[in-house]
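The values are calculated or read from the model by the stated rules, or taken from the named source; none is laboratory data. Not measured: the values here are computed from a predicted model. Cβ placement follows ideal geometry from the backbone for every residue including glycine, while neighbour counts extend to all protein chains displayed.
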Amino acid sequence: MIYSMTGYGKSVLQLPTKKVTIELKSLNSKNLDLNARMPSIYREKELKVRKVLADKLVRGKIDFSIYVEATAEDTSTQINKPVVKQYIAQLKDLVAGDDVELLKMAVRFPDALNTVREEIDEDEWKAIETGIYKAVEDLTAHRLDEGKVLEKDFNSRVRTITNILEQVIAMDPQRIEGVRERLLRGVEDLKEKYDENRFEQELVYYIEKFDITEEKVRLKNHLSYFTESINSQESNGKKLGFISQEMGREINTIGSKSNYAPMQQLVVQMKDELEKIKEQLLNVL
């Protein structure tokens, strides 16, 4: 089975005083490129979260976000009562006014409000951690669904290349006979006597030079290995990329050796299918 690098995962938690939404988005990338956005209160957990995401998601351009929405009274800012009272007393010495107006002025002065640094509630974080794993599972399921679509496309294109290769194999004896006839006509056009034994030796040399037996066998093996790798338990886009490179090398060699227009047309068709496979492999985990 294979997994796509493209996916989306989400989980929503309703905590006593807040609603927490966790989102994961993934796109294709050669390596792991992780961007994390978290409220400052959870920053001390960022390294741990990054490790979990790296272990679970392996590769891709990952956007991870935690959004917090307060659903109840929950404030870390408190009025510094002694300071405010002193400000009001000093203002009364300067101006006449009711207490409400003086209070409005006093709370704007320095140190009138104290901001208490929030500490992470470990029970709350455990709930968020569970939500992170759920979002990862959601994204992984999405990746698997996308991977099934890719797998279907790969199998179809591999079958097409295999069928074209069978046409190449069937055409090969005809191609070799064509090479033999062209060489023979070339010699006869010279209207010169020639040593038949020497001609046969030269003919064998050229036929061996144009022989594509090894390339046909290797390409067939690479196609089988590609299919086998797709059906394995692990998704390995890099491995499939390496196999596709080897497939391309054999197809190119067949094209350069064929020296036969009908076969070269088949080679072009194989190249076209292989290029489409390579494009899609960029999305495989």
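Within region 52-87, the set of residues being modelled with pLDDT of 75 or more and β-branched (Val, Ile, Thr) comprises Val52, Val58, Ile62, Ile66, Val68, Thr71, Ile79, Val83, Val84.
Taken over region 1-53, the criterion of being part of a helix (DSSP H, G or I), in contact with a Leu (Cβ under 7 Å, 6 or more places away or on another chain) and crowded, with 18+ Cβ neighbours inside 10 Å is satisfied by Leu53 alone. Scanning region 142-178 for residues that are among the hydrophobic types (A, V, I, L, M, F, W, C) and either in contact with a helix residue (DSSP H, G or I) (Cβ under 9 Å, 6 or more places away or on another chain) or surrounded by 14 or more Cβ atoms within 10 Å (Cβ to Cβ) (or both) yields Leu144, Leu150, Phe154, Val158, Ile161, Ile164, Leu165, Val168, Ile169, Met171, Ile176. Within region 11-22, residues that are assigned by TED's automatic domain parsing to the domain that holds Arg37 and touching a residue at least 60 places away in the same chain (Cβ under 8 Å) reach partners that are surrounded by 18 or more Cβ atoms within 10 Å (Cβ to Cβ) and among the polar types (S, T, N, Q) with beta carbons closer than 7 Å, at six or more positions or on different chains, in the pairs Ile22/Ser11.
With respect to Arg108, is the statement that it is assigned by TED's automatic domain parsing to the domain that holds Asp272 and either assigned to a loop (DSSP other than H, G, I, E, B) or free of Cβ contacts under 8 Å to residues at least 60 places away in the same chain (or both) true? Taking the combined requirement at face value, the residue does not satisfy it. Against the criterion of being surrounded by 15 or more Cβ atoms within 10 Å (Cβ to Cβ), charged (D, E, K, R) and in the same structural domain as Asn155 (by TED's automatic domain parsing), Lys257 qualifies.
Residue selection: Ile251 fails the criterion of being under 17 Å from Asp153 (Cα atoms) and either at pLDDT below 90 or among the hydrophobic types (A, V, I, L, M, F, W, C) (or both).
Quick check: anything in region 202-216 basic (Lys, Arg), part of a loop (DSSP other than H, G, I, E, B) and modelled with pLDDT under 90? Break it down stepwise before answering.
Taking region 202-216 first, the residues basic (Lys, Arg) are 209, 216.
Restricting the remaining residues to those that are part of a loop (DSSP other than H, G, I, E, B) gives none.
For region 202-216, residues basic (Lys, Arg), part of a loop (DSSP other than H, G, I, E, B) and modelled with pLDDT under 90: absent.
Counting the residues of region 254-285 that are farther than 23 Å from Lys239 by Cβ, in contact (Cβ under 8 Å) with a residue 24 or more places away in the chain and part of a helix (DSSP H, G or I) gives 8. Looking at this structure, is Asp195 buried (at least 16 other Cβ atoms within 10 Å of the Cβ) and either modelled with pLDDT under 95 or outside the structural domain of Thr140 (by TED's automatic domain parsing) (or both)? No.
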